[in-house]
Amino acid sequence: MKKTFSAIVALALVFCFGKANACTNFLITKGASTDGSCMISYAADSHVLYGELYHYPAADWPAGAMLDVYDWDGGMYRGQIPQIAHTYNVVGNMNEWQLAIGETTYGGLESLWEGQGIIDYGSLIYITLQRAKTAREAIKCMGELVANYGYVSEGESFSICDTEEVWILEMIGKGKQNKGAVWVARRIPDGYVSGHANQARITTFPLAKKNKTSITFKQIDKLFKDTNIDCVYADDVISFAKEMKLYDGPDEKFSFSDVYNPVDFSGARFCDLRVWAMFNKVTDNMKDYWGYATGRDIKRVQPYKAGMCQTPDNFPTNRMPLWVLPNKKVSVLDMMDFMRDHLEGTELDMSQDVGAGPFHCPYRWRPMEFEVKGQTYVHERTTATQQTGFSFVAQSRGDQQYGIIWFGVDDADNCVYCPMYTCMTEIPECFREGNGSMTEWSETSAFWTFNQMSNWAYTKYNYIHPEIRQRQRDMETKWVEKVVPELDKRVFAMKGKEAQVKELTKFSCNSANEMTAMWKRFYHELFMKYMDGNLNTPGEPVKGQKYVPINSKHPKYSDEYYQILIEKTGDKYKAY
C-alpha cells in the first residue's frame, strides 16, 4: 500500500481518563433515508491530522505483485502482502462500487493492544475498499486480512455500507502474544439508524448454533448465499475471552462491548453521549437514557476495575440500544447537521455556560479534564470539534450508478460538504495529497482556508458563525436539491461510461476548487467586517469622495459576561 500522507502524520488521539476520544460515525439504512440511499458519516478528529482526500486509482496487477503496507497513523512501513489481480478506484473512504467504510477508535482492554502482524485499522479500511464491492464482501475481506496477517491496532468500531445494507463491525486484537483479532459484525435492520463514537456498542448478539441468521467466520460463504444473514462473528470471540479470564458466564449472555470495552464515565459521557445526541434528534424516548449517556448513572452492581473478569450479573442494565427506529426519514442534509452538534437544546449546551465566553462559543480548548480543589471536572466532547482533519457523509445511492462522498475539511460546524463522485479519476487541487501539510502552508489548500475561517469565527462566534452557517446552508442545499439531480440526469443521458466519469470528475474538481476560492474571499470579507472587535459595514457612497465610508459599530459583551466580570472584580472597575 502506498504511503497515505504527503508527510508522516501521527494521528494523535486525545486521552481522557485512559480512553481515546476521537471520531464520530452515524449510520442510516436504506429504509430510514429520504431518498432510499444508505449513508454513513465520519469525522476524523485529531489535533495533528491534515485534511486531504485520498485516492487509489483502479489498477491491474501482474501475478506475483506485492502490496506494501504502511501504518495509517504514523506512516510506518509494516510489511508486504500479496496484491490481487485488480483493485478498484477509491476516493476517500468510498470506492467506485459505492462501498464506504468509516471508523471510531474505542481502545478497549490495553492487554489486547499491539498484537502480532502488520495490519492496522487504517490499512484494513483502504485495502478492503480496493478489493471489495459490497458490505458483505468487505466483512469477508477484513476477516481474512486480520486472520492471515495479524491486527496491530487498538479496539475499533467500523461502519460499512453499500447501496443496500449498513453494517457495524467491532474488532479488537489478541495482545502481544497472539495473532489475529476477535470481532462481531451486525447488520442494522432496514428502516433503523445507528451510531458509534469511540465506545464499543455491540453487546449481546445471536449465536450461530441457535439462530439461522447468524454465522461464524468459518461459515462465511453462507453470507453470500443467504440475504437473511444479519450477524457474523469470529469463531473464537467468546472462547478467547474465557481463555484470557475476561469473561465468566454462558455464551448466550456474552456481551462484546461489556467484556472487551467495559463502559465507564468517559465511555458514556465523552463517547456514547454523541450517539445519544443524534438519536435524540430522530426519536422521542431518549430522555430515558440521559442518566447513562452523561455517565452519572451507569447501572451495574459494582464499579468496573481494570483486569476484572466480567460476568453477566455486572453488565450495565441501562445501555442505549445499538439502533433506533427514527420517527422521520433522514436526508443527506440532516446527516450534515448531525455532524455539527454541540449538545444544543440540552442542559450541557456548550454555548450557554460561562465557558462559552462573552460571545457564546461552543468550544473548549484541551485538555478536556481539569481539577479544582482536588475535584476533577470535564469539558464536553461533542460531535463538532475544532480538531477535525476531515469529515464526510458517504451516500451510497441505489437509484444511481455513481456514489457521492460529501467531503469537508476542518471543524464540521464550519466546513462545507462538497459532492465528490467516487468514480472520479482525479482529485481537486484543494483536497489533493501533498498540497500543504500540518507544517506547510498552501494558499490553495482547502484545509488551511477553512481553518482560517473557523479560527476567526471562534473569536466572536455568535456574530460570525451565523453568517458562515447561512452561506454553508445555501451552498449545500443548492448542491443537494438542484445541482446534483440535474447533473445526474445529464450524465445518465451521455453515452459511454468513460464520458460519464470524465464529466463527473470535471464537476467534482471544479466544485471543490471554486468552493475553496470563494471561501477564501468570504473569509476576507468577514475579517474586514469584524476586525478589532468592531462590526464594519459599507456606508452610502458620497459624491466626490474617493472611498466608500465605513459604518463602524461596537457590539458589546453579553450581559452575563458583564455580571460575571463584576462578581469577580468587585469595585475594581466601578465608575465614581
| query | Based on the Cβ-Cβ distance of Lys210 and Asp337, what FRET efficiency does E = 1/(1 + (r/R0)^6) give at R0 = 56 Å, to the nearest 0.05? | reply | 0.85
| message | If I model a spin label as a point 7 Å beyond the Cα along the Cα-Cβ vector, how far apart are those points for Gln401 and Trp365 in nm? | response | 5.2
| Relative to the present Cα-Cα distance, how much length would full extension add between Asp190 and Lys495 at 0.36 nm per residue of separation? | 106.4 nm
| field | Calculated FRET efficiency for the pair Ala517/Asp248, C-beta based, R₀ 56 Å, to 0.05 | value | 0.35
| note | Exposure-ranked with fewest Cβ neighbours within 10 Å first, Val184, Val166, Val324, Val378 stand as Val378, Val324, Val184, Val166
| query | Hey, how many Å between the Cα centroid of the stretch 116-188 and the Cα centroid of the stretch 247-267? | reply | 20
| request: Going by C-beta contacts inside 10 Å, put His342, His86, His196 in order with the fewest on the left. | output: His86, His342, His196
| field | Between the stretch 361-413 and the stretch 316-330, the alpha-carbon center distance in angstrom | value | 21
| C-alpha center-to-center spacing [the stretch 422-460, the stretch 510-576] in angstrom | 25
| Ranked Ile139, Ile28, Ile566, Ile40, criterion: other C-beta atoms within 10 Å, fewest first | Ile566, Ile139, Ile40, Ile28
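Show me 206-219, 428-441 ranked by packing, highest mean number of other Cβ atoms within 10 Å first.
With the highest mean Cβ count within 10 Å placed first, the list reads 428-441, 206-219.
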| field | Relative contact order %, the chain, counting alpha carbon pairs below 8 Å whose residues are six or more apart | value | 15
| note | About its Cα centre, the stretch 72-227 carries a charge dipole, from +1 on Lys and Arg Cβ atoms and -1 on Asp and Glu Cβ atoms, whose size in debye to the nearest 20 is 700
| field | Gain in span if fully extended, Gln470 to Thr537, counting 0.36 nm per residue against the direct Cα distance | value | 22.3 nm
| field | Where labels lie 7 Å past Cα in the beta-carbon direction, separation of Trp61 and Lys218 in nm | value | 3.0
| Along the positive direction of the dipole of the chain (beta-carbon charges: Lys, Arg +1; Asp, Glu -1; about the Cα centre), which of Ala277, Gln387, Gln83 reaches farthest? | Ala277
| task | Subtract the Cα-Cα distance of Gln452 and Ile566 from 0.36 nm times their separation in residues, and report this length gain in nm to one decimal. | result | 37.7 nm
| task | Treat each spin label as a single point 7 Å out from the Cα along the C-beta direction, and report the Asn318 to Gln116 distance in nm. | result | 4.4
| So what is the relative contact order of the stretch 409-537, in percent, for Cα pairs below 8 Å that sit 6 or more residues apart? | 39
| Signed unit charges on C-beta, dipole axis of the chain, positive-most listed residue Leu223, Ser46, Leu333 | Leu333
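All of the numbers you see were taken from the coordinates with simple rules; none came from a lab. Only a predicted model underlies this, so the values are computations on that prediction, with no experimental measurement involved. Positions of Cβ are backbone-derived with ideal geometry, glycine not excepted, and every protein chain shown enters the neighbour counts.
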